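Asker: Dropping the structure in here first, questions after.
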Amino acid sequence: QVQLVESGGGLVQAGGSLRLSCAASSRTFSSYAVGWFRQAPGKEREFVAAISWSGGTTYYADSVKGRFTISRDNAKNTVYLQMNSLKPEDTAVYYCAARSGIALTTLPGYNYWGQGTQVTVSS
């Protein structure tokens, strides 16, 4: 069982930056791939970024490529999402999710989910 807790969300002006953190409870977290997803009001949850268990492979949605960076520190059981050049359309609740095996860009297959953290980007 893996418990995930997101933090780092908040209110920021367009063009600003935030860094989200996803802290895990499991001692075996380093063996899990992790994804970040987001859900805006009235929209479906969508993929943002994912990282393999080693950190050697990363994936990004086209909408965030070049602006967001996913990374992990397995010694701290934490995955980060650095978000730069934020836009109002990035406003959403951001969730991290974990799965054993390879990193995926789709929701199904992620077994463990956090409660989410709100990111609001004002224009």
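Asker: Non-local amide H neighbours of Gly16 (under 5 Å, H modeled in plane, Pro and chain starts lacking H): which ones?
Answerer: Placed amide hydrogens put Leu86 under 5 Å from Gly16.
Asker: Write down the accessible area per residue of the chain in Å², having rolled a 1.4 Å probe over the full set of protein chains.
Answerer: 50
Asker: Would you mind checking which residues have amide H under 5 Å from Arg72's amide H? H placed 1.01 Å from N; only 5 or more apart, or other chain.
Answerer: Correct list: Tyr80.
Asker: Still on this model: At q = 0.11 Å⁻¹, what is the base-10 log of I(q)/I(0) for the chain according to the Debye formula with one equal point scatterer per Cα and no solvent? Please give it to two decimals.
Answerer: Values, matching the q order: -0.31.
Asker: Give the ranking of Glu89, Glu46, Glu6 by solvent-accessible surface, highest area first, calculated with a 1.4 Å probe. Walk me through the numbers before you get to the answer.
Answerer: Numbers: Glu89 125, Glu46 80, Glu6 20 Å².
In descending accessible area the options line up as Glu89, Glu46, Glu6.
Asker: Right, here's the next one. Using a cut-off of 27 Å between alpha-carbon atoms, which lysines can reach Lys76, once sequence neighbours fewer than 8 places away in the same chain are excluded?
Answerer: Lys65
The values are calculated or read from the model by the stated rules, or taken from the named source; none is laboratory data. Quantities reported herein were computed from a predicted structural model and do not represent experimental measurements. These area figures cover heavy atoms from the full protein model, side chains too; ligands, DNA and RNA do not enter into them. Shrake-Rupley method; radii C 1.70, N 1.55, O 1.52, S 1.80 Å.
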